[in-house]
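Colleague: Just dropping this structure here.
Readers should treat all values here as calculations from the given coordinates under stated rules, not as data from a laboratory. Given the structure is predicted, the values throughout are model-derived calculations rather than measurements. Cβ sites come from the backbone with ideal geometry, for glycine too, and all protein chains shown count toward neighbours.
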Amino acid sequence: MIQLIDVSKTFISDNVSVHAVKDVNLTIDQSEIFGVIGFSGAGKSTLVRCINLLERPTKGQVLIDGVDLLQLKERDLRLHRQKIGMIFQQFNLLASRTVFENVAFPLKHRGISKDKIKEKVLSLLDLVGISDKLCSYPSQLSGGQKQRVAIARALASDPSILLCDEATSALDPQTTKSILKLLKDVNRKLGITIVIITHEMSVIKEICHRVAVMENGNVVELNDVISTFSNPQASITKDFINSTSTLSRIDELIQEKSDIVKLNQGERIWRLDFYGSETKEPIIAYISNKYNISPSIIFANVEVVSDTVLGSIIVLVTVSDQIEKDVIQYLNDKQIKVEVIKYA
């Protein structure tokens, strides 16, 4: 559906070159929900704007269904852009138009009858769950309702691609969850390919199939969401994942020399990471009985990502070097990753 080949974007400001995107290669499949995450200035918003040429790449190719947009004349480019919808952080609604008029706006001057436009708009408002607000103005709507209008407007042209640039950043957590659920429903019902730009790993976890992690204009990690969460490679990816978990608190406690992590002779602190079927097994009970040890759980975090259970446990245990080696080998054989965080 979408293929970016060696895409770069350089801005010139006060005779200084700013390389916002650097030689990015991505392939996004049809009907996929694809996330791009990075901190401010990573280049993610510039990258997504290169997909519909709101920002024209300095070099590279942007292929949509095999067609290189950079090779199209202006008229043909406009036609292809109609199949790429976009929603933004600040909604970008027309304040002087009603909800109905905002959604109908992209359909004007296309030779569509008023009856067809009305039918289309009403069906879209029903799809996004705000059919009761068709006569309201943006100033009368909540943030979540405004974003639903923006989504309906983006869908008015029957796009095959929907680009979401920080679409939930201005919303509270509960509203964010409802908007992400709506986007999942849109993807499932209409088969639209969705590209989501965000700086929140919780958004990626909630909705995406795959994710690209960006830093300084580069894609530093690209994988499916389960692999990204269960086995992150880049340090920035690990930072993002830690931001969604309480387990990173253990590092702070160690630095603060808290009594919680103070160790006696022979004690260790382990971190166990597991996912899928391993989460259903009584691993702690088994190693306690088999190796005659008594792990004490300090922290634990279990969550569901893309219908797969991911879990992490921080345990304190008294164990000899040899027993520790045997236990870690056993756990590794069970596809459970073990990290020795601290030992005495």
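Colleague: For S40 and E339, FRET efficiency with R0 = 25 Å and r from the beta-carbon atoms, rounded to 0.05? Provide the component values of the computation, followed by the final result.
Modeller: Working: r = 30 Å, r/R0 = 1.20.
The formula returns an efficiency of 0.25 here.
Colleague: Where does each of R75, R268, R188, R153 land when they are ranked from fewest to most other beta-carbon atoms within 10 angstrom?
Modeller: Numbers: R75 7, R268 18, R188 11, R153 26.
Ranked by crowding around the Cβ, least crowded first: R75, R188, R268, R153.
Colleague: Shape of region 118-180 from its Cα gyration tensor (a ≥ b ≥ c, root eigenvalues): rounded if a/c is under 1.5, otherwise prolate when a/b > b/c, or oblate? Please list the in-between numbers first.
Modeller: On the way: a/c = 2.03, a/b = 1.18, b/c = 1.72.
Oblate shape, in that a/c is at least 1.5 and b/c is the bigger or equal ratio.
Colleague: To continue, here is another question. Would you mind ranking C164, C135, C50 by Cβ crowding within 10 Å, fewest neighbours first? Can you show the working numbers first?
Modeller: Working: C164 29, C135 10, C50 25.
With the fewest neighbours first, C164, C135, C50 line up as C135, C50, C164.
Colleague: Moving on. Suppose every Lys and Arg Cβ carries +1 and every Asp and Glu Cβ carries -1, with no other charges. What dipole size does the chain come out with about its Cα centre, to the nearest 20 debye? Could you put the intermediate results ahead of the total?
Modeller: Working: 41 positive and 41 negative charges, 284 e Å.
In total the dipole reaches around 1360 debye.
Colleague: Could I ask something else about it? For a test of the definition: using alpha carbon positions, the gyration tensor, and the 1.5 limit on a/c, classify region 225-298 as rounded, prolate or oblate.
Modeller: Values: a/c = 2.75, a/b = 1.14, b/c = 2.42.
Cα axes put region 225-298 in the oblate bin.
Colleague: Sticking with this structure for a sec: Which whole-number percent gives the relative contact order of the chain, counting Cα pairs below 8 Å spaced six or more residues apart? Numbers along the way, then the final one.
Modeller: Working: 605 pairs, mean separation 60.0, N = 344.
Relative contact order, the chain: 17 percent.
Colleague: Just rank D6, D326, fewest to most, by other beta-carbon atoms within 10 angstrom. Spell out each step's value before the answer.
Modeller: On the way: D6 12, D326 15.
The order, fewest Cβ neighbours first, is D6, D326.
Colleague: So, one more: Just checking my list [x] 137; [y] 179; [z] 153 against volume of the Cα convex hull per residue in Å³ computed from this structure; which label fits?
Modeller: From the options [x] 137; [y] 179; [z] 153, the structure gives [y].
Colleague: Another question, if that's okay. Extending each Cα 7 Å along its Cβ direction at L70 and S178, get the distance between those two points in nm, one decimal.
Modeller: So the label points at L70 and S178 sit 4.2 nm apart.
Colleague: Another question, then. With a Förster radius of 25 Å, plug the Cβ-Cβ distance of Q140 and H199 into 1/(1 + (r/R0)^6) and report the FRET value to the nearest 0.05. Before the final figure, lay out each step's value.
Modeller: Values: r = 30 Å, r/R0 = 1.18.
The pair Q140/H199 has a calculated efficiency of 0.25.
Colleague: Per-residue ellipticity at 222 nm for the chain, helices alone: DSSP H runs ≥ 4 residues times -39500 (n - 2.57), over residue total, nearest 500 deg cm²/dmol? Present the calculation step by step, with values, prior to reporting the outcome.
Modeller: On the way: 12 runs with 117 residues, N = 344.
Counting only the DSSP helices, I get -10000 deg cm²/dmol.
Colleague: ³J(HN,Hα) across region 199-208 via Karplus (A = 6.51, B = -1.76, C = 1.60, θ = phi - 60°), whole Hz, x for Gly/Pro?
Modeller: 10, 10, 5, 5, 5, 4, 4, 6, 10, 8
Colleague: Place a +1 charge on the Cβ of each Lys and Arg in region 246-343 and a -1 charge on the Cβ of each Asp and Glu, then give the dipole magnitude about the Cα centre in debye, rounded to the nearest 20. Spell out each step's value before the answer.
Modeller: Numbers: 11 positive and 15 negative charges, 38 e Å.
Dipole of region 246-343, to the nearest 20 debye: 180 debye.
Colleague: Choose one of Q265, L331, I284: the residue whose Cα lies farthest towards the positive end of the charge dipole of region 246-343 (beta-carbon charges +1 Lys, Arg; -1 Asp, Glu; about the Cα centre).
Modeller: Q265
Colleague: If r is the Cβ-Cβ distance from D6 to Q82 and R0 is 25 Å, what FRET efficiency results, to the nearest 0.05?
Modeller: On the way: r = 27 Å, r/R0 = 1.06.
Between D6 and Q82 the formula returns 0.40.
Colleague: Oh, and also: In terms of Cα to Cα distance under 19 Å, which lysines are near enough to K177, apart from those fewer than 8 places away along the same chain?
Modeller: K177 reaches K146, K189, K205.
Colleague: Around I236, what is the net charge, scoring Lys/Arg as +1 and Asp/Glu as -1 over all other residues with Cβ under 9 Å from its Cβ? The partial results should precede the final answer.
Modeller: Working: positive: K238; negative: E215, E221, D239.
Value of the local net charge: -2.
Colleague: Considering only DSSP beta bridges whose two residues both sit in the chain, what percent are antiparallel, to the nearest 5?
Modeller: Values: 46 of 65 bridges.
Here the share of antiparallel DSSP bridges comes out near 70 percent.
Colleague: Related question: Would you mind putting 198-207, 222-231, 292-301 in packing order, based on average other-beta-carbon counts within 10 Å, highest first? Provide the component values of the computation, followed by the final result.
Modeller: Values: 198-207: 21.8, 222-231: 18.8, 292-301: 14.8.
The packing order, highest mean first, is 198-207, 222-231, 292-301.
Colleague: So, with +1 on the Cβ of K and R and -1 on the Cβ of D and E, and no other charges, what is the size of the charge dipole of region 64-133 about its Cα centre, to the nearest 20 debye? Don't skip to the end; give the middle numbers.
Modeller: Details: 13 positive and 9 negative charges, 57 e Å.
Dipole size: approximately 280 debye.
Colleague: Shifting gears a bit: With the dipole of region 1-52 worked out from charges on the C-beta (+1 for Lys and Arg, -1 for Asp and Glu) around the Cα centre, which of N15, I5, N52 lies farthest toward the positive end?
Modeller: Final value for the positive-end residue is N15.
Colleague: Among N264, N25, N15, which one shows the biggest mean-square fluctuation in a GNM of the chain, springs joining Cα atoms closer than 10 Å?
Modeller: Comparing N264, N25, N15 in a Gaussian network model of the chain, the most mobile one is N15.
Colleague: What shape does region 246-343 have by the C-alpha gyration tensor, where a ≥ b ≥ c are the square roots of the eigenvalues, rounded means a/c under 1.5, and otherwise prolate means a/b greater than b/c and oblate the rest? Intermediate results must be reported in sequence, preceding the final value.
Modeller: On the way: a/c = 2.19, a/b = 1.17, b/c = 1.87.
Oblate.
Colleague: What residues have an amide H closer than 5 Å to that of G35, excluding those fewer than 5 places away on the same chain, when H is modeled at 1.01 Å from N in the peptide plane?
Modeller: The answer is I196, H209, R210, V211, A212.
Colleague: Say the cut-off is 28 Å between C-alpha atoms; which of K22/K181; K59/K108; K83/K133; K83/K118 go over it? Provide the component values of the computation, followed by the final result.
Modeller: Details: K22/K181 32 Å; K59/K108 34 Å; K83/K133 26 Å; K83/K118 20 Å.
Result: K22/K181; K59/K108 exceed 28 Å.
Colleague: Highest GNM mean-square fluctuation, the chain, Cα pairs closer than 10 Å: which of V48, V309, V121?
Modeller: Looking only at V48, V309, V121, the largest GNM fluctuation is found for V309.
Colleague: Say we join alpha carbon atoms closer than 10 Å with springs in a Gaussian network model of the chain; which of E303, E256, E166 then has the biggest fluctuation?
Modeller: E256
Colleague: With a sphere of radius 12 Å drawn around the Cβ of H80, what net charge do the other residues whose Cβ falls strictly inside it have (Lys, Arg +1; Asp, Glu -1)?
Modeller: Working: positive: K73, R75, R78, R81, K83; negative: D65, D68, E74, D76.
My count for the surroundings of H80 gives +1.
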